[in-house]
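Asks: Supplied in structure tokens, the structure appears directly below.
Nothing in this text is a laboratory measurement; each read-out follows from the coordinates by a stated rule. None of the values given here were measured: they were computed from a predicted structure.
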Amino acid sequence: MRCPVCEGTDLIKRGWKSGHQRYVCRACGRYCTDSQPKFSAQTKAMAIEMYMNSMGIRAIGRVLGASPAAVLKWIAKEHAVLQDKLAHAAPLDTGAAGVIEMDEIYTYIQKNGSER
Ligand SMILES: [Zn+2]
């Protein structure tokens, strides 16, 4: 159990909210519950994958049984993470294409490494 805001693990039980144990985070003072997210990280990853393959938000939602609003939220979150990664990465601002290239370079290095 982690605080969804600050990732802190120092949570104290503080009552109930709609049938779920409610906690308060000692680090940031925010409240959260132990309710499971409706969709798994895997489902969200699939949504991102489909989005990357030019599938529409509504189509993704239909396939995964999620609302277009939910799909849009996952993509927006992923986008923010990517932006953050790029901002902290070396001055190589090529977006998604850069990620694919990095993967290819890694495979190339692995192949070369085994030949040595
Ligand atoms: Zn916290």
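Asks: Do you know the relative contact order of region 1-91, to the nearest whole percent, from alpha carbon pairs under 8 angstrom that are 6+ apart?
Replies: Worked out over region 1-91, it gives 15 percent.
Asks: A follow-up question, please. For K17, list the lysines whose Cα falls under 29 Å from its own Cα; do not include residues on the same chain fewer than 8 positions away.
Replies: Hits, sequence-local ones excluded: K38, K44, K73, K77.
Asks: Shifting gears a bit: Roughly how compact is region 37-88, stated as its Cα Rg over 2.2 N^0.38 Å to two decimals?
Replies: 1.11
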